[in-house]
1. I need a count of the residues in the stretch 33-46 that are in a helix (DSSP H, G or I) and closer than 15 Å to H82 by Cα.
2. Could you tell me which of the residues E178, E185, E142 is closer than 18 Å to L227 by Cβ, at pLDDT below 85, charged (D, E, K, R) and outside the structural domain of I83 (by TED's automatic domain parsing)?
3. Restricting the search to the stretch 33-45, which residues are in contact with a strand residue (DSSP E or B) (Cβ under 9 Å, 6 or more places away or on another chain) and closer than 20 Å to R88 by Cβ?
4. Looking at (1) at pLDDT below 85; (2) in the same structural domain as D223 (by TED's automatic domain parsing); (3) within 28 Å of I35 (Cα to Cα), find the lone condition where A127 falls short.
5. If you take the residues in the stretch 207-220 that are assigned to a helix (DSSP H, G or I) and over 25 Å from the mean Cα position of the chain (by Cα), which one is surrounded by the fewest Cβ atoms within 10 Å (Cβ to Cβ)?
6. Consider D78 carefully, then state whether it is assigned by TED's automatic domain parsing to the domain that holds V25 and at pLDDT below 60.
7. Out of everything in the stretch 47-97 that is part of a strand (DSSP E or B) and among the hydroxyl-bearing types (S, T, Y), what residue ends up being surrounded by the most Cβ atoms within 10 Å (Cβ to Cβ)?
8. If I go through the stretch 49-69 residue by residue, how many of them are among the aliphatic types (A, V, I, L, M) and closer than 15 Å to G26 by Cβ?
Amino acid sequence: MNELTVFSTDVIPVYTTSTGEKVVVGRELHEKLKIGSKYADWFKNMCAYGFSENEDYEAISKNLENGGRRIDHILKLDMAKHIAMIQRTPEGRAIRQKLIELDDDISSLSPQLRELIHIETEQKRQAKAIDDVNHRVDSIGEVIALSPNSWRKDACILIHKVAQKLGGNEYIRDVSAEVYKLVDERAGVSLSTRLTNKRRRMADEGVCKSKRDKLNKLDVIADDKKLIEIYVAVVKEMCIKNGVSLPEQMTA
């Protein structure tokens, strides 16, 4: 795989190997994604997503002018696309889209045709993801019927799993915020306003401030069965979108 020929330099350099496979150089991907951490640390973290040497990438050693050696990696396009996606940055999205186009051999087509092909490909991918995940996700609504408290625990587990897929616990807040935003839109409500009103009612009833301050949007959702159903549906869709399935204990 070490004999590389430049295939494209638009957005990110892409090469072809002696066997005709399209690949990306790890350090160049690291640079184009504008990653702040050191390449070696970043690449190690990326491999934690399940990529394997000699299957998804090949390690190569380069001689430096000062006499030292530097490790680099030749990445298959599937690995490069996944890495670009999980960065959740404009650079990552642009690189992933370009790699998708090159992988599908549609880069020579008109922008309009490329967009149509991309939309169709994405729809097929989403349909397959739904088919693959739906039988494991089943209906969390059934769990709600069994236990009035289970939906909160189950949703919390899934949100944490989605955050891990995106890069770690630091994404939990972002995932939760996105879920609440979608609940607001679909239910035509403002969870923030309802939370404020709920705290005011409790204050009027003489409930202490420390207890009122502990309230959150989940407590508001818990007051309305319809909101529970919408919230659960949104969390379920987030799982499908990010390829997260229910833990085994939730599918038994």
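1. The first filter runs over the stretch 33-46 and keeps only residues in a helix (DSSP H, G or I), leaving 39-46.
Still in the list and also closer than 15 Å to H82 by Cα: 42-46.
The number of residues fulfilling the criteria is 5.
2. On the way: E178 fails: at pLDDT below 85; E185 fails: at pLDDT below 85.
Going through E178, E185, E142 in turn, just one is closer than 18 Å to L227 by Cβ, at pLDDT below 85, charged (D, E, K, R) and outside the structural domain of I83 (by TED's automatic domain parsing): E142.
3. Selection gives Y39, F43.
4. (3)
5. Our first condition is that a residue be assigned to a helix (DSSP H, G or I); within the stretch 207-220, this holds for 209-213, 217-220.
Now restrict to residues that are over 25 Å from the mean Cα position of the chain (by Cα): 209-213, 219-220.
Numbers: K209: 10, S210: 7, K211: 10, R212: 15, D213: 9, D219: 15, V220: 23.
This residue is S210.
6. Details: assigned by TED's automatic domain parsing to the domain that holds V25: yes; at pLDDT below 60: no.
It is false that D78 is assigned by TED's automatic domain parsing to the domain that holds V25 and at pLDDT below 60.
7. Per the stated criteria, the residue is Y57.
8. Selection size over the stretch 49-69: 2.
The values are calculated or read from the model by the stated rules, or taken from the named source; none is laboratory data. All figures in this text were calculated on a predicted structure; none of them were measured in a lab. Counting neighbours? That spans all protein chains shown, and the Cβs are built from the backbone with ideal geometry, glycine included.
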